[in-house]
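Notes to accompany the following structure.
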Amino acid sequence: MRILSLFSGAGGLDLGLIQAGHEIIWANDIDESAVTTYRKNIGDHIVCKDIKDVAMAEIPDGADVVVGGFPCQGFSQANLLRNVGDERNVLYRFFKKVVNAKKPRFFIAENVKGILSLGGGAAVKLILADFKKAGYVLDVHLVNMADYGVPQHRQRVIIVGQRKDLGKTMLFRFPKPTHAKDGMGDLPPWRTIRDELDRFPDPDKPNDLPNHVYSAYKLAYRNFTGHRPTNPEKPCPTILARGNGGGGVCAIPHYNGKRRLTIRESAAIQTFPDDFEFVGTMNSCYRQIGNAVPVRFAECLGRELSRLESESLP
């Protein structure tokens, strides 16, 4: 399928969709470093521009799908000042504007779990009502990426929209989990952080891996996101984009208890390929990774789009 990608960041969602056989015909993000990373690894079809300044005529017609994780800081449960009036919370309207103008057969929107509870549920009700008015049948899923082979506890909300003329019943079958906690049922157990990272060399010794460097921000364990010990026998805690409150990154501690995860290790937890090279300052690279959709999960979504495409939908 031909896909428009909004708020693309470094391209985790797009890369997974490409791996599933789809074509990203246009992408957009405002972050210059993320756009540079995207161009280096994925392609030149991305435009570095504030989506609010993009005219509809600049965006190609003929897309089958619009995808994007509209900025979520205002929705995040980690943001103690979150409120319905946060200006970042209305950026979904620009996503909706593109969907309304380009009329793709499907759209896929990703956001944090906090979007469900913001304003006592008022925010998500408003968002869903707006998309229904635009002519779409909707399906909402709260997923833990660990259920899809991602070695990370990462809960995200996925909203799938289907143009009403394709039918009142949702044709998009949300991907079934490929893994389960403790290997329940017939599924293999969640992948652990050790499963993913034990293959990496010591970053303090010479190596050829891109981005295999880490923040010197000291380990200080306390009951606060990004400062808890990491259990090597469990999935990694959520890879974060935000800082520590003092302007620094919030890199997750390595399970050896001696340092933070490297940029490369953080990217591996987000299931980026080892040769995917991030561009920018250390803070920026960590942030790009934290903002991304895990590539492996994105590919699961892409495979379902491939199934739909094979059925020759109108």
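Of all the residues that make up segment 20-51, how many are assigned to a helix (DSSP H, G or I) and under 16 Å from Leu301 (Cβ atoms)?
First, the residues of segment 20-51 that are assigned to a helix (DSSP H, G or I): 32-41, 51.
Going one step further and asking which of them are under 16 Å from Leu301 (Cβ atoms), we end up with none.
Going through segment 20-51 one residue at a time, the tally reaches 0.
In segment 37-52, the condition of being under 25 Å from Pro175 (Cβ atoms), modelled with pLDDT of 95 or more and aromatic (Phe, Trp, Tyr) is met by at least one residue.
Residue-level analysis places Leu197 among those that are under 23 Å from Val279 (Cβ atoms) and modelled with pLDDT of 95 or more.
Taking the condition modelled with pLDDT under 95, surrounded by fewer than 24 Cβ atoms within 10 Å (Cβ to Cβ) and in contact with a Lys or Arg (Cβ under 8 Å, 6 or more places away or on another chain), does Pro237 pass?
Details: modelled with pLDDT under 95: yes; surrounded by fewer than 24 Cβ atoms within 10 Å (Cβ to Cβ): yes; in contact with a Lys or Arg (Cβ under 8 Å, 6 or more places away or on another chain): yes.
Here the answer is yes, as Pro237 does meet what is asked.
A Cβ distance below 7 Å, combined with a sequence gap of six or more or placement on separate chains, defines the contacts here; from segment 153-181, residues that are in contact (Cβ under 8 Å) with a residue 12 or more places away in the chain and more than 22 Å from Val295 (Cβ to Cβ) reach residues that are of a type in the set (Phe, Trp, Tyr) and assigned to a strand (DSSP E or B) in the pairs Gly161/Phe106; Gly161/Phe107; Gly161/Tyr136; Gln162/Phe106; Gln162/Tyr136; Arg163/Tyr136; Lys164/Tyr136.
Looking only at segment 154-192, filter to residues that are among the polar types (S, T, N, Q) and modelled with pLDDT of 95 or more; which one of those is farthest from Arg307 (Cα to Cα)? Ranking the candidates gives Thr192 first.
Listed conditions (1) more than 22 Å from Asn283 (Cβ to Cβ); (2) without any contact (Cβ under 8 Å) to a residue 60 or more places away in the chain; (3) in a helix (DSSP H, G or I); (4) in contact with a strand residue (DSSP E or B) (Cβ under 8 Å, 6 or more places away or on another chain) are all met by Leu17, apart from (2). Restrict the check to segment 62-81 and report whether at least one residue is surrounded by fewer than 16 Cβ atoms within 10 Å (Cβ to Cβ) and either modelled with pLDDT of 90 or more or among the aromatic types (Phe, Trp, Tyr) (or both). Taking every residue of segment 62-81 in turn, at least one turns out to be surrounded by fewer than 16 Cβ atoms within 10 Å (Cβ to Cβ) and either modelled with pLDDT of 90 or more or among the aromatic types (Phe, Trp, Tyr) (or both). Applying the set (1) under 18 Å from Arg260 (Cβ atoms); (2) assigned to a loop (DSSP other than H, G, I, E, B); (3) not aromatic (Phe, Trp, Tyr) to Pro206 leaves exactly one unmet item: (1).
Counting the residues of segment 243-283 that are crowded, with 17+ Cβ neighbours inside 10 Å, modelled with pLDDT under 95 and of a type in the set (D, E, K, R) gives 2. Taken over segment 32-66, the criterion of being of a type in the set (D, E, K, R), closer than 26 Å to Asn283 by Cα and touching a strand residue (DSSP E or B) at 6+ places or on another chain (Cβ under 8 Å) is satisfied by Glu32, Arg39, Lys49.
The set of residues from segment 86-135 being within 25 Å of Pro60 (Cβ to Cβ) and of a type in the set (S, T, N, Q) comprises Asn100, Asn111.
Scanning segment 289-300 for residues that are part of a helix (DSSP H, G or I) and modelled with pLDDT of 95 or more gives Ile289, Val295, Arg296, Phe297, Ala298, Glu299, Cys300. Within the option set Val84, Val99, being modelled with pLDDT of 95 or more and in contact with a Gly (Cβ under 8 Å, 6 or more places away or on another chain) holds for one residue only, Val99. Residues in segment 133-153: is at least one surrounded by fewer than 21 Cβ atoms within 10 Å (Cβ to Cβ), in contact with a Lys or Arg (Cβ under 7 Å, 6 or more places away or on another chain) and modelled with pLDDT under 95? Within segment 133-153, one or more residues are surrounded by fewer than 21 Cβ atoms within 10 Å (Cβ to Cβ), in contact with a Lys or Arg (Cβ under 7 Å, 6 or more places away or on another chain) and modelled with pLDDT under 95.
Looking only at segment 182-202, count how many residues are assigned to a loop (DSSP other than H, G, I, E, B), touching a residue at least 12 places away in the same chain (Cβ under 8 Å) and charged (D, E, K, R). Give the steps one after another, and end with the answer.
Looking only at segment 182-202, we keep the residues that are assigned to a loop (DSSP other than H, G, I, E, B), and these are 184-188, 190-192, 198-202.
In the following step, the residues that additionally are touching a residue at least 12 places away in the same chain (Cβ under 8 Å) were identified as 190-192, 200.
This time we only want the ones that are charged (D, E, K, R), so: 191.
Qualifying residue count, segment 182-202: 1.
The values are calculated or read from the model by the stated rules, or taken from the named source; none is laboratory data. These numbers come from a predicted model, not from an experiment. Glycine gets a Cβ as well: all are built from the backbone with ideal geometry, and neighbour counts include every protein chain shown.
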